[in-house]
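Trainee: Sharing a structure, written as structure tokens. Questions coming.
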Amino acid sequence: MAANIHVITSEQGGWDVKRDGAIIASANFENKKDAIEYAEKEGKRYNVEVFIHGKDGKIQRREVFGTKLNPL
């Protein structure tokens, strides 16, 4: 199963796109919008969840791709 993706602030500036458990970011962007667009494309490609974090590190939004939710 592929690892989920997170959009987080980068220590070097800008925004990182990083998979769960990864030491190094998959990509770095100057602005959050571009990072989100890239993360969403990857989320759709690999059918994983994408978590968008704010500057404070808290999750602002979650996108679910390729997962069928079964009603209870």
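Trainee: So for region 31-47 (the condition being in contact with a strand residue (DSSP E or B) (Cβ under 8 Å, 6 or more places away or on another chain), buried (at least 17 other Cβ atoms within 10 Å of the Cβ) and in a strand (DSSP E or B)), does at least one residue qualify?
Mentor: no
Trainee: Now for a different question. What residue, of 56, 20, 16, is surrounded by 17 or more Cβ atoms within 10 Å (Cβ to Cβ) and not β-branched (Val, Ile, Thr)?
Mentor: Exactly one residue qualifies, and that residue is 16.
Trainee: Same structure again: Could you check residue 25 against (1) surrounded by 16 or more Cβ atoms within 10 Å (Cβ to Cβ); (2) in a strand (DSSP E or B) and say which number it fails?
Mentor: (2)
Trainee: Another question, then. Do you know which of the residues in region 59-71 that are at pLDDT below 95 and surrounded by 10 or more Cβ atoms within 10 Å (Cβ to Cβ) is farthest from the chain's Cα centre (by Cα)?
Mentor: 66
The values are calculated or read from the model by the stated rules, or taken from the named source; none is laboratory data. Given the structure is predicted, the values throughout are model-derived calculations rather than measurements. Heads up, the Cβs are rebuilt from the backbone with ideal geometry, glycines too, and the neighbour counts pull from every protein chain shown.
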